[in-house]
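Here you go, one structure.
Just so it is clear, none of the values below were taken in a lab; they were calculated from the coordinates. What you see is a predicted model; the values in this text were computed from it and never measured. Neighbour counts are summed over all protein chains in view; Cβ atoms, including those assigned to glycine, are modelled from backbone coordinates with ideal geometry.
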Amino acid sequence: METTMSSQKIRFNDALMSAIKQALPIVLGFLPVGFAYGVLARKTGISVDNTVLMSLLVFAGSAQFIAVGLLASGASAMSVIITTFVVNLRHLLMSAALSPYLRKWSKLELAAFGFQLTDESFAVHSTRFAKGDVGKSETFLINSIAQLAWVGGTVLGIVSSSLISDIKPMGLDYALPAMFIALLIFQIKDRTHVVVGVITGLISTALALGGAGQWNVIIATLIGASLGVALSWTKK
Amino acid sequence: MDQEIVFYIIIGMMAVTYVPRVLPVLALSSRELPPIVVRWLGYVPTAVLSAMLVPSLLAPEGVINFGFDNTYLWVAIPTLAVAMFTRNFFGTVAVGMGLVAAVRYFF
């Protein structure tokens, strides 16, 4: 009994160490971005409680920034919610992309996993899962550490919001683009991926400027992934 | 700002964010997907990340800007190089933010 207990404990500690190692990049990205969100939300006039609550319940970087911007401009509740929906609809594709790896998971586990699915954890998990690393406790630990960093960054931002007049001199507003650059580069496996990345980015930009509003990401992704399949066919 | 309304907005945001996150794993993970769909889904990470990133670099203010004042775009080049050659996530983010801060400080 005692030996099983201690071996379980060792296994958990191994999972925890490995999760911390894998979540560290997300943490280092989330802390400054969460910080910037916390500062911005407070400066916009959102209460401390609501600022933290949004990070806890919505847990979606870009959508939270957009929501704060919309609230600052006096947008209606409905338009904030609809914009959030469109901005976060991309997770539909990420969730679908991870689903083949989650065969043996219970509904409850899947429900919990979905709640913490972000762009960054998606990028980490899609690399892990493809390698055969599908450990549940490790997956949940990575997600929880990431969310802790997001909420923690938010709280630090709230605390410092009265001391900081502008986040721009510190380059904090570049944390998100820099994170996406790293995540994107790590996804590139062959030349087809390069072509898909470049074309999708350009289509997305054209759509955004052409008046597609927040739909640009989803439409461009649908086109880009289809292009990837078509290219991989012609290569054979 | 009425914080009660903000609270209800947050609840609404949570609902519309959670449903697309959870629905596919709930609905798809229990069935065998055709190989073509799996392959298609394999391109989603690259496509979706690029679709989010590129507009923010080429047109950070909503119009295409290749001028030298577009810090986001020019800093992206060394940042990209760091990501490619070091494969280090933290280093990439730190270099990107550091360069943006430096450009704003010196220019």
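Modelling each spin label as a point 7 Å along the Cα-to-Cβ direction, I'd like the A:Ser226/A:Met17 distance in nm, to one decimal.
The modelled label-to-label distance comes out at 4.9 nm.
In Å³ and rounded to a whole number, note down the convex hull volume per residue for the Cα atoms of the protein assembly as shown.
Taking only Cα atoms, the protein assembly as shown has a hull volume of 154 Å³ per residue.
Any chance you could check the Cα centroid distance between segment B:1-80 and segment A:24-64 for me, in angstrom?
When both Cα centres are located, 16 Å separates them.
What is the percent of Cα-Cα separations in segment A:47-92 that go past 16 Å?
34 percent
Also, I was wondering about something else. So, how do all the Cα-to-Cα distances of segment A:17-87 break down into 5 Å bins, in percent, from 0 on up?
3, 16, 25, 24, 15, 8, 6, 3, 1
Work out Dmax and Rg for segment B:32-106 from the C-alpha atoms and quote the Rg first, both in angstrom.
In Å, with Rg to one decimal and Dmax whole: 16.0, 56.
My understanding is that a pair violates if its Cα-Cα distance is over 28 Å; which of A:Lys9/A:Lys189; A:Lys9/A:Lys131; A:Lys136/A:Lys168; A:Lys21/A:Lys43 do that in this structure?
Pairs exceeding 28 Å: A:Lys9/A:Lys189; A:Lys136/A:Lys168; A:Lys21/A:Lys43.
Shifting gears a bit: For chain B, what are the DSSP H helices with axial Cα length of 27 Å or more and mean Kyte-Doolittle hydropathy of at least -0.5?
Details: long enough: B:3-28 (38 Å, 1.62).
Result, helices passing both filters: B:3-28.
Fewest first, what order do A:His91, A:His193 take by the number of other Cβ atoms within 10 Å?
Numbers: A:His91 25, A:His193 21.
The fewest-first ordering by Cβ neighbours comes to A:His193, A:His91.
Hey, what D do you get for segment A:107-233 in µm²/s if you plug the Kirkwood alpha-carbon radius into Stokes-Einstein at 20 °C and 1.002 mPa s? Spell out each step's value before the answer.
Details: Rh = 17.4 Å.
The calculation lands on 123 µm²/s.
Obtain the nm distance between the two label points defined at A:Leu108 and B:Phe90 by a simple spin-label model: each point lies 7 Å from its Cα along the Cα-to-C-beta direction.
So the two model labels end up 3.6 nm from each other.
In a solvent-free Debye calculation with one equal scatterer on each Cα, what is log10 I(q)/I(0) for segment A:188-236 at q = 0.21, 0.22, 0.27 Å⁻¹, listed in the order of the q values?
Taking Cα atoms of segment A:188-236 as identical point scatterers yields -0.66, -0.70, -0.91.
Follow-up question, since we're still on this one. How would you rank A:Ser137, A:Ser126, going from fewest to most other Cβ atoms within 10 Å of each one's own Cβ? Don't jump to the answer; show the numbers that get you there.
Numbers: A:Ser137 14, A:Ser126 22.
Least crowded to most crowded, the residues run A:Ser137, A:Ser126.
Same structure again: With the dipole of chain A worked out from charges on the C-beta (+1 for Lys and Arg, -1 for Asp and Glu) around the Cα centre, which of A:Leu16, A:Met170, A:Leu53 lies farthest toward the positive end?
Positive-most Cα among the choices belongs to A:Leu16.
Now a separate question. If you wrap a convex hull around the alpha carbons of segment A:2-171, what volume per residue comes out, as a whole number of Å³?
141 Å³
Students often get this wrong: which residues of segment B:39-59 have the backbone nitrogen under 19 Å from the point 7 angstrom along Cα-to-C-beta of A:Trp215?
Only B:48, B:51-52, B:55 pass the distance filter.
Turning to a different aspect of this structure: Return the average number of partner chain Cβ atoms within 10 angstrom of each residue Cβ along peptide B:61-68.
1
Between B:Ala27 and A:Ile10, what FRET efficiency follows from the Cβ-Cβ distance if R0 is 30 Å, with the result rounded to 0.05?
After rounding, the FRET efficiency stands at 0.25.
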